[in-house]
1. Report the residues of segment 103-139 in range of a label on residue 263: point 7 Å along Cα→C-beta, backbone N strictly under 19 Å from it.
2. Fewest first, what order do 127, 94, 239 take by the number of other Cβ atoms within 10 Å?
3. Suppose R0 equals 35 Å; then what is the FRET efficiency for residue 33 and residue 83 from their Cβ-Cβ distance, rounded to the nearest 0.05?
4. Could you sort 140-152, 78-90 so that the peptide with the highest average Cβ count within 10 Å comes first and the rest follow in order?
5. Based on other C-beta atoms within 10 Å, arrange 241, 105 from fewest to most.
6. Taking the Cα centre of each part, how many Å lie between segment 211-263 and segment 59-78?
7. If each residue's Cβ is checked for other Cβ atoms within 10 Å, how do 9, 212 rank with the fewest at the top?
8. Given an 8 Å cut-off on Cα distances and at least 6 residues of separation, report the relative contact order of segment 25-208 as a percent.
């Protein structure tokens with residue numbers, strides 16, 4: 001991790017994901033390293049701080065809750081994320097992306113259109129978790145537009161995305177798009193990194209490539225746990241060593257679940273049991 005807060009991060013990630021599997025309906029993955037790269041690449045911030053990262057994350061959180069606070073042509077209720085994005089109970093870890101991520105200097109001479117920002121959120125470099133969606137398949141995605149956007153433009157942009165070979169959907173869920181439009185334009189922190197723009201889009205998507213994130217965490221976990229490094233601190237706080245093994249096994253099963261979901265054909269749709 002480029003912005004790592006602790007040596008024991010892999011342990012914490014595996015243990016918390018184990019809990020999230022059981023106790024949450026939808027989880028949105030946000031990865032410091034991915035957001036760090038977005039800040040450096042898109043905003044030309046040489047050494048991003050947590051403030052820079054959090055301001056980008058806040059745009060995603062704001063987009064998720066916009067329809068609760070403002071009017072729009074097509075509102076997306078928070079419960080609809082679960083209904084539209086989670087095909088099986090365990091497959092509930094979402095990728096997020098946001099566009100445009102652009103500095104005030106650049107925005108001064110380019111106002112991004114609906115097709116441009118729609119294409120941008122499907123780019124691997126826009127993902128706020130370190131994985132490549134082109135390596136996986138989409139099960140569903142939710143596009144939340146803000147500002148100067150009309151349904152006609154959204155429909156045209158989505159139709160174009162569907163023709164792209166790089167954006168692949170599982171064959172048992174060929175439509176897979178839910179769109180929301182809210183007329184309230186995005187708000188930015190005065191004097192902050194992000195430019196004030198007329199329109200923006202946030203995408204929350206369920207893609208089998210999320211397994212790459214878990215695979216990477218599991219590998220780091222295994223390197224430390226093989227030596228039982230730092231485990232005594234957790235045991236000293238009242239945990240049992242068996243909880244580590246249990247959490248790790250759960251994540252191995254989760255990786256397999258994602259693999260199976262991506263491989264399922266239309267005729268196998270009934271076979272996958274992910275309870």
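Rule-based calculations on the coordinates, nothing more; no lab input. In this text, all values refer to a predicted model and were calculated from it rather than measured experimentally. Glycine also receives a Cβ, built like all others from the backbone with ideal geometry; neighbour counts cover every protein chain displayed.
1. Inside the label zone: 135-139.
2. Working: 127 28, 94 23, 239 13.
Lowest to highest Cβ neighbour count: 239, 94, 127.
3. Numbers: r = 31 Å, r/R0 = 0.88.
So the FRET efficiency works out to roughly 0.70.
4. Details: 140-152: 20.8, 78-90: 15.6.
Result, highest mean Cβ count within 10 Å first: 140-152, 78-90.
5. Numbers: 241 13, 105 10.
Fewest-to-most ranking of 241, 105: 105, 241.
6. 35 Å
7. Values: 9 16, 212 19.
The order, fewest Cβ neighbours first, is 9, 212.
8. Numbers: 340 pairs, mean separation 61.0, N = 184.
The value is 33 percent.
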